[in-house]
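The values are calculated or read from the model by the stated rules, or taken from the named source; none is laboratory data. Treat the numbers as computed from the prediction; the structure is a model and nothing was measured. Neighbour counts are summed over all protein chains in view; Cβ atoms, including those assigned to glycine, are modelled from backbone coordinates with ideal geometry. The area values use the complete protein model at the heavy-atom level, side chains included, leaving out ligands, DNA and RNA. Shrake-Rupley method; radii C 1.70, N 1.55, O 1.52, S 1.80 Å.
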Amino acid sequence: MAFVSIYTVGRLHHPYDHPASRKFFETGYEVMRQASKTGQIIEEFSPFGVPIPEEAAKGDGFPVLTLTVWKSLQALYRFTYSGHHRQAMRNRSKWMEPYQEKHLSYVVWWTDKVKDVSWQEAFNRYNYYIKNGPTSFAFDFKQAFDEKGERCEVK
């Protein structure tokens with residue numbers, strides 16, 4: 001059985017301890033609580049102590065990274081565009097810098113083993129996507145691939 005991983009990267013407008021940033025983290029906590037209630041998230045990796053990659057270090061804001069593993073691409077997609085997460089995405093501009101041209105905010109990939117997922121793997125997949133575009137190795141929801149490496153549509 002294959003699992004799907006997602007790495008996200010963004011930049012906060014304000015320092016981590018600013019009231020607006022604290023609201024972002026409070027909302028993030030609620031989002032992750034809702035994710036765990038779905039029974040579809042398998043792993044959430046802590047970003048604390050992770051060296052900030054070059055793509056996240058660029059810009060004026062304060063980097064925010066996430067890395068999670070899910071049971072299926074459909075479950076991840078449904079969660080992303082519903083509930084607390086959907087509302088958080090609507091409020092994104094309150095907390096996060098706008099994306100610069102050609103900035104990718106996330107990358108998705110398949111893995112056979114959760115233990116193979118790591119921050120370094122996430123950074124590698126992200127950089128691969130930036131250089132090569134979407135393939136079965138690293139993709140997004142708009143140009144997705146199933147676990148067999150075939151293009152698929154996610155709804």
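What to note about this one:
- Filtering the range 1-56 to residues that are of a type in the set (Gly, Ala, Ser), within 23 Å of PHE139 (Cα to Cα) and in contact (Cβ under 8 Å) with a residue 24 or more places away in the chain leaves ALA2, SER5, GLY10, ALA35, ALA56.
- Exclusive hit being open to solvent by 80 Å² or more (accessible area, probe 1.4 Å), over 16 Å from the mean Cα position of the chain (by Cα) and among the hydroxyl-bearing types (Ser, Thr, Tyr), set TYR29, TYR16: TYR16
- From the options ASN127, ASN132, residue that is out of contact with any Gly (no Cβ under 8 Å at 6 or more places or on another chain), at pLDDT below 95 and either within 20 Å of VAL31 (Cβ to Cβ) or not acidic (Asp, Glu) (or both): ASN127
- Answer residue from the range 73-128, given it is outside any strand (DSSP E or B), open to solvent by less than 30 Å² (accessible area, probe 1.4 Å) and among the β-branched types (Val, Ile, Thr) and is farthest from GLU44 (Cα to Cα) among those: THR80
- GLU44 open to solvent by 80 Å² or more (accessible area, probe 1.4 Å), in a strand (DSSP E or B) and modelled with pLDDT of 95 or more: yes
- So ARG78, is it basic (Lys, Arg) and either on the phi > 0 side of the Ramachandran plot or without any contact (Cβ under 8 Å) to a residue 40 or more places away in the chain (or both): yes
- Single residue of the range 130-153 satisfying the filter (more than 16 Å from the chain's Cα centre (by Cα), small (Gly, Ala, Ser) and under 15 Å from SER5 (Cα atoms)) that is surrounded by the fewest Cβ atoms within 10 Å (Cβ to Cβ): GLY149
- The residues of the range 48-70 that are touching a strand residue (DSSP E or B) at 6+ places or on another chain (Cβ under 6 Å), open to solvent by 40 Å² or more (accessible area, probe 1.4 Å) and either among the charged types (D, E, K, R) or modelled with pLDDT of 95 or more (or both) amount to a single one, THR66.
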